[in-house]
Amino acid sequence: MNVAIIKYNAGNIYSVDYGLKRIGITPVITDDPQVIRSADRVIFPGQGEASTTMKYLHERGLDALICGLRQPVLGICIGIQLMCRHSDEGDVDCLGIFDAGVKRFAPQRHEDKVPHIGWNSLSNMRGALFEGLPANPYVYFVHSYYIPVTAETSAVNDYITPFSAAMQKDNFYATQFHPEKSGAIGEIILGNFINLR
């Protein structure tokens, strides 16, 4: 199984590398278009700022490359946000894989902290990524921006407002949470992605 992690100007890529190694997968971290195209699975992870990251992807042709991939692709954290149509972070058009806009959390109460950091539960899970999980499993989030619930939402979390904790369209899968930091639950999710049929 050849797994490529897309290398770009986003942080936290190496934690995904470690997470995959824990389940017996040794990925390659690369920005080589040919290596990415020929991989069995592609992961688009990271933490960063949307507008500068989209500029970096566009300058290197990685935006068109990602949109054209036909094998299973998993976006994580900023990956899910950049797979959407538009982000309010930097007011930037993104990849447009998911028909959704990315919004900033607006605290409603004193206890509503932004960014949303920590463990929170999933509900309304659907699709192969979540096979074998218990009801309402807890996963780890770190984000200030969110994607509203849409027809492409495959899992929901409720923090300030219900939002898309995961999305899926065709061969594109994505999570707002960090499976690589979500313990045994995250390992099941990563394994499910690797084993997609």
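The values are calculated or read from the model by the stated rules, or taken from the named source; none is laboratory data. All values reported here derive from a predicted model rather than from experimental measurement. Here the Cβ is made from the backbone with ideal geometry for all residues, glycine too, and neighbour counts use every protein chain on show. These accessible areas exclude ligands, DNA and RNA; they are computed on the full protein's heavy atoms, side chains included. Shrake-Rupley method; radii C 1.70, N 1.55, O 1.52, S 1.80 Å.
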**Where a residue in the range 115-135 is closer than 17 Å to S164 by Cβ and its partner, wherever it lies, is among the polar types (S, T, N, Q) and open to solvent by 40 Å² or more (accessible area, probe 1.4 Å), with Cβ under 8 Å and at least six apart** = S121/N136; L122/N136; S123/N136; G127/Q168; L129/Q168
**the range 69-89, residues that are more than 15 Å from Q47 (Cα to Cα) and either open to solvent by 10 Å² or more (accessible area, probe 1.4 Å) or not in a strand (DSSP E or B) (or both)** = L69, R70, Q71, P72, R85, H86, D88
**Complete:** Picked from the range 164-197 (must be surrounded by fewer than 24 Cβ atoms within 10 Å (Cβ to Cβ) and assigned to a strand (DSSP E or B)), the residue farthest from the chain's Cα centre (by Cα) is K169
**Asked** Quick check: is even one residue across the range 42-56 open to solvent by less than 20 Å² (accessible area, probe 1.4 Å), in a loop (DSSP other than H, G, I, E, B), under 21 Å from H86 (Cα atoms) and among the hydroxyl-bearing types (S, T, Y)?
**Response** no
**Prompt:** Within the range 105-139, can you find the residues that are part of a loop (DSSP other than H, G, I, E, B), open to solvent by 100 Å² or more (accessible area, probe 1.4 Å) and closer than 14 Å to Q176 by Cβ?
**Reply:** N124
**Request:** State which residue is surrounded by the most Cβ atoms within 10 Å (Cβ to Cβ) when the search covers only the range 140-163 and only residues that are touching a His at 6+ places or on another chain (Cβ under 6 Å) and more than 22 Å from N192 (Cα to Cα).
**Result:** H143
**Complete:** Restricted to the range 93-104 and to residues being part of a loop (DSSP other than H, G, I, E, B) and out of contact with any Ser or Thr (no Cβ under 7 Å at 6 or more places or on another chain), the residue farthest from T153 (Cα to Cα) is L95
**Fill in**
Residue hits (the range 1-40; in a helix (DSSP H, G or I), open to solvent by 50 Å² or more (accessible area, probe 1.4 Å) and of a type in the set (G, A, S)) are S38
**Prompt:** Here is a list of conditions, (1) more than 26 Å from I194 (Cα to Cα); (2) of a type in the set (D, E); (3) modelled with pLDDT of 95 or more, and E49 meets all of them except one; can you say which number that is?
**Reply:** (3)
